[in-house]
Amino acid sequence: MMRYTALLFSVLFLQLLNSGEGNRKKEPASSIQFTQHLYNAYIYENSAAKTYLESYVKMGIYITNPSSEFRYKIISGDHENLFKAEDYILGDFCFLRIRTKGGNTAVLNREVRDHYLLSVKAIEKKTNSEARTKVKVHVLDTNDLRPLFSPTSYSVSLAENTALRTSVARVRATDADIGTNGEFYYSFKDRTDMFAIHPTNGVITLTGRLDYTETKQYDLEILAADRGKKLYGSSGISSMAKLTIHVEQGNENAPVIIAVTLTPSAMDKDPTYAIVTVEDEDPGVNGEIASLNIVA
């Protein structure tokens, strides 16, 4: 009898326990899900307002219930308030579309920031079911920047007897754009037969004979032009630097020694036998005499 009573008590206890669990409110599992946990999308910098991002795969959620209504919202990653998420239903798929906002929203600038990682939440309006995904926005480059010289002025001095094909100077410019958008050519603004410039490395070479008596200084203007078409306007020329070349007179004349012999008398205590002078017609330091040696 005692064994039967204990068994009956155990059965009643289990039934009561199961009944309590059944009365507990269970959290419904989410019935919606994005096709991917992370999407990659692309947009060019400086894009106009309401420009949609492009993706190689379709972003969004498959619709299992025809009566479902979805709403997408960006919940993080857009601190500058640049983007807006929209839903677009086509067939059994609710597309996630992201575009730039209109109005006075800041413009995308790849040189400042080249990607954004957006967290997007989907809500099914009738059941309040939720799903989340991430969209990595890649900001693509456009040819919106010009090459800039640094420094913008150069100055060198050359002896007039400098050999032809000598590299006499080098200018430098940089372009913050990437790829072909960041490539540019160097050239002289005005044609010259005296100098040549390498179109890609900026090295300037002497190609003509220098003559101090004809030209003492050359003032050259050097341009940096984009290889590709600019985003704004068709002119690729966008930056200029100045190069001043000073021509120094060469040491063309050899020193000339002039000696005048003298016949001293026997009465001279310090007899002088000759007066020697040295002349050099070159001006400046080129006409200075470093030393004179008399060999007996």
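The values are calculated or read from the model by the stated rules, or taken from the named source; none is laboratory data. Model, not experiment: these values are computed from the prediction. Because the Cβ atoms are built from the backbone with ideal geometry, glycine has one as well, and the counts that use them run over all protein chains shown. With ligands, DNA and RNA removed, areas are computed over all heavy atoms of the protein, side chains included. Shrake-Rupley method; radii C 1.70, N 1.55, O 1.52, S 1.80 Å.
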Conditions (1) farther than 13 Å from ALA224 by Cα; (2) more than 22 Å from the chain's Cα centre (by Cα); (3) of a type in the set (Val, Ile, Thr) -> ILE197 fails only (1)
Result of the Cβ filter at 8 Å on segment 47-67, keeping first residues that are closer than 26 Å to GLY102 by Cβ and partners that are exposed (fewer than 12 other Cβ atoms within 10 Å of the Cβ), at least 6 apart or interchain, is ALA49/GLY102; ALA49/GLY103; LYS50/GLY102
From the options VAL112, VAL139, VAL135, VAL107, residue that is of a type in the set (Val, Ile, Thr), in contact (Cβ under 8 Å) with a residue 60 or more places away in the chain, more than 30 Å from LYS216 (Cβ to Cβ) and not in a strand (DSSP E or B): VAL107
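Can you work out which of the residues in segment 37-65 that are touching a Leu at 6+ places or on another chain (Cβ under 7 Å) and farther than 22 Å from LEU90 by Cβ is surrounded by the fewest Cβ atoms within 10 Å (Cβ to Cβ)?
Of all residues in segment 37-65, those touching a Leu at 6+ places or on another chain (Cβ under 7 Å) come to 41-47, 59-60.
Next cut, farther than 22 Å from LEU90 by Cβ only: 44-47.
Numbers: TYR44: 17, GLU45: 19, ASN46: 15, SER47: 17.
Across segment 37-65, the extreme among qualifying residues is ASN46.
Could you please find all residues in segment 66-96 being assigned to a strand (DSSP E or B), over 16 Å from LEU108 (Cβ atoms) and open to solvent by 20 Å² or more (accessible area, probe 1.4 Å)? Step through it out loud before you land on a result.
The initial filter retains those residues of segment 66-96 that are assigned to a strand (DSSP E or B), namely 70-76, 83-90, 93-96.
Adding the requirement that they be over 16 Å from LEU108 (Cβ atoms) leaves 70-73, 75-76, 85-90, 93-96.
Within segment 66-96, ARG71, LYS73, ILE75, SER76, GLU86, ASP87, TYR88, ILE89, LEU90, PHE95 qualify.
Pick from SER265, SER238, SER234: which is polar (S, T, N, Q), surrounded by 11 or more Cβ atoms within 10 Å (Cβ to Cβ) and either assigned to a loop (DSSP other than H, G, I, E, B) or modelled with pLDDT under 75 (or both)? Outline the logic, then answer.
Values: SER265 fails: surrounded by 11 or more Cβ atoms within 10 Å (Cβ to Cβ); SER234 fails: surrounded by 11 or more Cβ atoms within 10 Å (Cβ to Cβ).
Within the list SER265, SER238, SER234, the selection yields SER238.
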Is there any pair with a first residue in segment 87-102 that is under 16 Å from GLN36 (Cα atoms) and at pLDDT 95 or above and a second that is part of a strand (DSSP E or B) and of a type in the set (S, T, N, Q) whose Cβ atoms are under 8 Å apart and which are 6 or more apart or on different chains, and what are they? LEU96/THR133
